[in-house]
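Asker: Here it is, the structure in full.
A short reminder: the numbers here are calculations on the coordinates, not readings from a lab. What you are looking at is a predicted structure, and each value in this text was computed from that prediction instead of being measured. Here the Cβ is made from the backbone with ideal geometry for all residues, glycine too, and neighbour counts use every protein chain on show.
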Amino acid sequence: MHIPTFTLGFLASLTAAAPSFTPWQSPECTEENALQRREWSALTENERKEYISAMGCLMKKPSRYAAGELPATKNYYTDFAAHHTSVARNIHMSGIFLSAHREYLSLMEKSLQEECGYPSDMGLPYWNWPDYLDKPLNESTLFDGSPSSLGADGEYLPNQPPYVIGPEEAQLVKPILKEGDTIPRGSGGGCVIEGPFANTTVYLGPFSVIYSRTGLPDDWTEPNPHCLNRNLSDTAVSLLSNADAIDNLLASANITQFQTRLNPIHRGGHLGVGGSGGQMADFFASPLDPAFWLHHAQIDRLWAAFQDEDPAERRYSYNGTDTFLNPPDTPEATNSTILDFGVLGENVTLEEVANPMAGRYCYKYV
Ligand SMILES: *[C@@H]1O[C@H](CO)[C@@H](O)[C@H](O)[C@H]1NC(C)=O
Ligand SMILES: *[C@@H]1O[C@H](CO)[C@@H](O)[C@H](O)[C@H]1NC(C)=O
Ligand SMILES: *[C@@H]1O[C@H](CO)[C@@H](O)[C@H](O)[C@H]1NC(C)=O
Ligand SMILES: *[C@@H]1O[C@H](CO)[C@@H](O)[C@H](O)[C@H]1NC(C)=O
Ligand SMILES: *[C@@H]1O[C@H](CO)[C@@H](O)[C@H](O)[C@H]1NC(C)=O
Ligand SMILES: *[C@@H]1O[C@H](CO)[C@@H](O)[C@H](O)[C@H]1NC(C)=O
Ligand SMILES: *[C@@H]1O[C@H](CO)[C@@H](O)[C@H](O)[C@H]1NC(C)=O
Ligand SMILES: [Cu+2]
């Protein structure tokens, strides 16, 4: 049943006028012509600045939501975060997590290239967490506040309590941490006031992790001006997203085990930048922090590596439904499950996003 759907969608996009294919969507994708996604620290300073300025450019492009539909988004960059917010309870802790984030990253990559002059031979950068564990994150190429960083940590706030893991957070970090465990205070906590993206005002969120269970209140679309906030937590990264955890992840027997092991690793990067209270720790609005894309490129990289290890078995293998925590009455993820990207891009099926080196994609991690 899914094959006709795929074919029709494909033909429709060919006939629906011009720019269905960008240069990197080569019909003949090879190791040689694939777009390269590289590690942040492997980029030159100028390349890092390309990423930073293209992101800044997207933050100045007009929102694509209909007037009045989403007052909390003021630009196209924030549209990405708003869309993520609206589908957060479908695309996390479910069978469509990996697929939805893969296409989402690709849409960002394409937007940077097509609308903001990001080099067409440069993919999204990724953040290989264990590479950064030998010194504090606030001294790293990511967050040292230099012009080629993603901006500094948030301003240091004294007297911050440790973060006590509540029941909702416990779902995201189990089995490494459990309810009642604590993470020591992060190294910032206040507004980012140094480096790129300093003093950015955002209007979306913040949203308590409690809403991951209950759903968002209806007024989530209303603007609430506040600063871009970070609260770097080296502890969260070293505890949850370390090299042993990755080795163990890649040794998973099947997609079910892979997803289960990935959960706390994934959350580690979010808590590592956002602590608690920073945008990156926001279950809904985390893409407001430009570090989001590097973190998720690393997640996608690990999924691609896992798939490549046994493509016949793993490429089109899914486990879970289209809803947070896979409630029994929700539909299982399959090849033909549709992902809806709203104002960001066309609908795609899980089948269409399963292979980074075929169909709509041609990229690899180096
Ligand atoms: C910063 O995050 C830490 C956890 O890493 C938490 O203990 C602290 O309360 C947070 N502070 C703010 C202002 O977000
Ligand atoms: C960087 O973070 C560490 C804790 O990880 C802290 O001790 C140090 O004071 C911070 N440095 C700066 C420059 O904020
Ligand atoms: C951000 O604002 C603070 C004042 O709130 C100011 O001290 C700082 O210089 C500003 N940073 C940048 C990069 O403009
Ligand atoms: C996945 O692997 C785990 C661990 O080997 C095993 O217990 C489980 O039954 C497997 N699940 C499926 C759906 O194959
Ligand atoms: C997903 O994995 C769980 C646990 O192994 C299993 O009970 C379930 O049947 C799997 N679903 C599919 C569609 O493989
Ligand atoms: C999913 O799609 C792939 C690629 O088209 C195909 O090989 C595979 O058999 C499909 N899986 C199922 C369960 O239909
Ligand atoms: C995308 O799929 C949804 C169903 O999941 C449908 O309601 C919507 O109309 C589709 N959008 C487009 C642009 O095809
Ligand atoms: Cu997400």
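Asker: Select from 336, 286, 276 the residue whose mean-square fluctuation is largest in a Gaussian network model of the chain (Cα-Cα springs shorter than 10 Å).
Answerer: Maximum among the listed residues: 336.
Asker: When the Karplus curve 6.51 cos²θ - 1.76 cosθ + 1.60 is applied with θ = phi - 60°, which whole-Hz ³J(HN,Hα) does each residue of segment 321-326 get, with x for Gly and Pro?
Answerer: 10, 9, 9, 2, 6, 6
Asker: Next question. Counting only residues 5 or more places away or on other chains, whose amide H sits under 5 Å from the amide H of residue 349 once H atoms are built in the peptide plane?
Answerer: Residues meeting the amide H criterion: 339.
Asker: Please arrange 192, 209 by how many other C-beta atoms lie within 10 Å of their C-beta, fewest to most.
Answerer: Lowest to highest Cβ neighbour count: 209, 192.
Asker: Which one of 340, 300, 289 has the biggest mean-square fluctuation once the chain is modelled by GNM with Cα springs under 10 Å?
Answerer: Judging by the Gaussian network model, the answer is 340.
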